[in-house]
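Notes to accompany the following structure.
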Amino acid sequence: MDLSQFTQAFFVEAVELLAQMEQLLLELDAEAPDSEQLNAIFRAAHSIKGGAATFGFVALTDTTHLLETLLDRARHGQLTLSRSMIDSFLETKDALQEQLMAYQAENEPDPERVAHICEVLRQLALESDGAQAAPAPAPVPAPAPAPAAVPAASAAAVSAPGGALRIRFSRLSDSECDLLADELGNLGKLLSRTRSGDQLTVLLDTSCAPDDIVAVCCFVIDESQIEITAEPAGDAAPAAAPIAAAPAAPAAAASQPAPAPAGPASRPASSSAAAAGAKDSSSIRVDVEKVDQLINLVGELVITQSMLTQAATMLDPVECERFLSGLGHLERNARDLQESVMSIRMMPMDYVFSRFPRVIRDVSAKLGKEVRLDTFGKETELDKGLIERIIDPLTHLVRNSLDHGIETPAQRIAKGKEAEGQLLLSAQHHGGNIVIEVSDDGAGLNRQKILAKAMQQGLPVTDTMPDDEVWQLIFAPGFSTAEQVTDISGRGVGMDVVKRNIQEMGGHVEISSREGWGTTTRIVLPLTLAILNGMSVKVGSEAYILPLSYVIESLQPRTEHLHSIASDGHVIKVRGEYLPLIELHGVFDVAGAQTDPTQGILVIVQAGETRFALLVDELLGQHQVVVKNLETNYRKVPGISAATILGDGSVAFIIDVDAMPRIQRAHVERATVLARAARAEPVAA
């Protein structure tokens, strides 16, 4: 049977189960473990093992079988947990994730890595056996854990006394029906099997708990398609005679003592399955490419609606009243549809924040520090494309806070602080942006140390620089104040990459710090890269879009406010502050544009910590635009981040505001070189 149609669902759900397992392990108290947490961790491992066995992933099956055995003993009080044991379980989770990635790439996992993690788990089992072997042996020998080479079906095939489970499946295809019947044969003894249309009813004699059966079957079908009820012991025996659909377990396995049941087999699970099914039935899994295609189609619809709206301006409002009214309804519906479709791509920040308890646990243990993680705004949503790209920058900021920011317990106590440091991750919406903060209560940034290092590297700094500008120096390439290089930080690579990555996503980074009391790094990002609130401006005969999040104000300057500087540059004085003036017609070589600043419009924008003025001919208006990737359809253009289609069908470029100062400097340097060459002056090296 071809199982390829189900493997992707297995990989997706297995990754989710591993993430759930890691979170529960991090929350687990080794000294007083919570039984519900242990049961949930066991169910996750058991579900992965069942799916791995179904698809023939041998290494994954063997590893999860060993882990499952240890977890089963822990939840029944037969094994004493310790912090080092939980560390080994976390290492196993990492190994399982590596194995999943290998199988997903249609490769075999690294055999040495598989052998290592299996040996770690076997050693844990031996150590726990040794600890329990000290007292006098009990009259009845305890069941030994099954070796890794035994198939997953062997242990599960031994039924628990006193009844069976009746499992009803609905809305099944032929292939799903056969696959489920085969899989249930691995979980116990199949007493009967009845097919009626798209429904399948199975009577199963098993030691598995109903929840575990549901978890395994959910790799093939949805939980809402499953209903499980307990079958009285007296009714199960007659049904065993007509059908024996599952092969009998090996005699050696049958002769072994039955393992401890995963849960009360007679417990009816129909209510829990129905409740979970009702939750799952309210959501579906959709491929991201389909969502992107839908967003593109809605974007085209919005563009078409804008074209109709612009064309309607030439119609008589009295004669075409009904048409214009319908067009107004279309505009409102298109806007609602656009917002609804965009919300499909939005994901909660918990997707990102949930990764950091493990990072903090591992890094703080390596550094000998005590750190508590607090999160705020986990439910705040961000576009999927951005939320995946923000993980690496945030990881670097968190590791920096742990290494450079938060002190050791002894240092903190000497300063009058608590021994345990605090790291706060927060996210909140602010207008059309999301603000993500990484805050610590550590040592803060050392202003003098940063300035000294900057001078040593030849950066243009002065002792009178404001703090905000000093903090921005840490984003310079190769900048680091670490006295020694470690495997965590200190090489001076990272912070410049963080800033560049954030800017590529249309955002910026801000830092505030108080020496001795902590540092806060603030990342400001647009909510999505697919839709943009923009201000359309005219330069010559061309229309451009300025992202509205960068725009502060617009004004028409007076002559006395303009001042010339070297190399034909200008600055404008706005409320006592001198701002560089960038002429867009010069940046993009636009003919017929207004060259006199007093006759044009200046748009004041802010990119990060830098403010400057852009000279344009005219302001056309503010509206939402659908972002089209320019590199996909053409090539990278300096100063342009993307393009859009306006209501009249023309293409307008979206300006890369962050790149404007850099491009302007390049133009000024080129103009200076050409001017010197024209005057035959020597050019300084």
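The values are calculated or read from the model by the stated rules, or taken from the named source; none is laboratory data. If you're wondering where the values come from, they're calculated on a predicted model, not measured in any experiment. When we count neighbours, we look across all protein chains shown, and the Cβ atoms used for this are built from the backbone with ideal geometry, even at glycine.
Values computed for the structure shown
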read-out	value
Residue list for region 626-639, filter: of a type in the set (Val, Ile, Thr) and either out of contact with any Gly (no Cβ under 9 Å at 6 or more places or on another chain) or under 21 Å from ILE604 (Cβ atoms) (or both)	THR632, VAL637
Members of region 556-572 that are surrounded by 14 or more Cβ atoms within 10 Å (Cβ to Cβ) and over 21 Å from ARG662 (Cα atoms)	PRO557, HIS561, LEU562
Within region 118-235, helices (runs of 4 or more DSSP H) holding 2 or more residues that are out of contact with any Gly (no Cβ under 7 Å at 6 or more places or on another chain), under 19 Å from ARG43 (Cα atoms) and at pLDDT below 70	152-156
Residue match in region 325-340 (condition: in contact with a Gly (Cβ under 8 Å, 6 or more places away or on another chain) and either part of a helix (DSSP H, G or I) or buried (at least 17 other Cβ atoms within 10 Å of the Cβ) (or both))	yes
Yes/no for ILE295 being touching a strand residue (DSSP E or B) at 6+ places or on another chain (Cβ under 8 Å), β-branched (Val, Ile, Thr) and outside the structural domain of GLU16 (by TED's automatic domain parsing)	no
Strands (runs of 3 or more DSSP E) contained entirely in region 542-605, each with at least 1 residues that are at pLDDT 85 or above and within 22 Å of VAL625 (Cα to Cα)	542-547, 551-555
Residues satisfying the stated conditions in region 5-54, i.e. closer than 14 Å to ALA74 by Cα and of a type in the set (Asp, Glu)	ASP29, GLU31, ASP34, GLU36
Scan of region 435-462 for residues that are assigned to a loop (DSSP other than H, G, I, E, B) and either touching a residue at least 12 places away in the same chain (Cβ under 8 Å) or among the aromatic types (Phe, Trp, Tyr) (or both), ordered by number	ASP441, GLY442, ALA443, GLY444, LEU445, ASN446, GLN457, LEU459, VAL461
Criterion (in a loop (DSSP other than H, G, I, E, B) and not small (Gly, Ala, Ser)) met by exactly one of VAL318, VAL352	VAL318
Among (1) at pLDDT 85 or above; (2) assigned to a helix (DSSP H, G or I); (3) β-branched (Val, Ile, Thr) - the single one VAL537 does not satisfy	(2)
Pairs, first closer than 20 Å to ASP658 by Cβ in region 624-641, second aromatic (Phe, Trp, Tyr) and outside any loop (DSSP other than H, G, I, E, B), C-beta under 6 Å, six or more apart	ILE640/PHE653
Candidate set: region 167-193, residues that are touching a strand residue (DSSP E or B) at 6+ places or on another chain (Cβ under 7 Å) and small (Gly, Ala, Ser); chosen: the one surrounded by the most Cβ atoms within 10 Å (Cβ to Cβ)	GLY188
Residues of region 643-685 classified as assigned to a strand (DSSP E or B) and either surrounded by fewer than 16 Cβ atoms within 10 Å (Cβ to Cβ) or modelled with pLDDT of 85 or more (or both), total	7
Among the candidates GLY507, GLY494, GLY490, GLY518, residue that is crowded, with 17+ Cβ neighbours inside 10 Å, on the phi > 0 side of the Ramachandran plot and at pLDDT below 85	GLY494
Residue that is nearest to ARG514 (Cα to Cα) [pool: residues in region 389-434 that are part of a loop (DSSP other than H, G, I, E, B) and of a type in the set (Val, Ile, Thr)]	ILE406
Residue match in region 520-542 (condition: under 30 Å from VAL371 (Cβ atoms) and among the charged types (D, E, K, R))	yes
Filtered residues of region 310-349 (kept if in contact with a Ser or Thr (Cβ under 8 Å, 6 or more places away or on another chain) and acidic (Asp, Glu))	GLU331
Candidate set: region 527-542, residues that are of a type in the set (A, V, I, L, M, F, W, C) and out of contact with any Asp or Glu (no Cβ under 9 Å at 6 or more places or on another chain); chosen: the one surrounded by the fewest Cβ atoms within 10 Å (Cβ to Cβ)	MET535
Residue check, VAL524 surrounded by 14 or more Cβ atoms within 10 Å (Cβ to Cβ), of a type outside the set (Asp, Glu), out of contact with any Leu (no Cβ under 8 Å at 6 or more places or on another chain) and not in a loop (DSSP other than H, G, I, E, B)	yes
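Residue-wise test of (1) of a type in the set (Lys, Arg); (2) under 26 Å from the mean Cα position of the chain (by Cα); (3) surrounded by 21 or more Cβ atoms within 10 Å (Cβ to Cβ).
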position: GLU68; (1), (2), (3): no, no, yes
position: GLY77; (1), (2), (3): no, no, no
position: SER84; (1), (2), (3): no, no, no
position: LEU90; (1), (2), (3): no, yes, no
position: GLU98; (1), (2), (3): no, yes, no
position: ALA105; (1), (2), (3): no, yes, no
